[in-house]
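The values are calculated or read from the model by the stated rules, or taken from the named source; none is laboratory data. None of these values were measured; they are calculated from a predicted model. Cβ sites come from the backbone with ideal geometry, for glycine too, and all protein chains shown count toward neighbours. All accessible areas refer to the heavy atoms of the entire protein, side chains included, with ligands and DNA or RNA removed. Shrake-Rupley method; radii C 1.70, N 1.55, O 1.52, S 1.80 Å.
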Amino acid sequence: MTEMLSPTPGLFWHRPDPDSEVFCKPGDTVEIGQQLGVVEVMKMFAPIEAEVAGVFTGYAVDSGAQVDAGQVIATFEAS
């Protein structure tokens, strides 16, 4: 299992806005560079992108949750 870590503290969001679908659902194939979420810091939004390809297994935190730098935010099986 591969873990995605938050690069910075902030609020982690699973979707680009409240009316959109989540970036990824469990079972989705993930490509390198594919956006998995965003971290909001002082109203600035930093995209979180996959660093390896694989199958998305899920988010480790709720959408809108406060996260710390280095905290696991999502997991997937690397291919």
Next on the checklist: For the full complex of protein chains and a 1.4 angstrom probe, list 6, 79, 20 by accessible area with the highest value first.
Outcome noted: 79, 20, 6
Checklist entry - Label residue 77 and residue 53 with points 7 Å out from Cα along Cα→Cβ: what is the distance between them in nm? => result 1.6
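Starting from the residue with the highest accessible area, list 68, 62, 19, 28 in decreasing order, probe 1.4 Å.
19, 62, 68, 28
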Next on the checklist: So, taking all protein chains as they sit and a 1.4 Å probe, how much accessible area belongs to residue 75, in Å² rounded to tens?
Outcome noted: 30
Checklist entry - Quick one: what do you get for the chain if you divide its Cα Rg by 2.2 N^0.38 Å? => result 0.99
Item to check | For residue 3, solvent-accessible area (1.4 Å; no DNA, RNA or ligand), Å² | outcome: 110
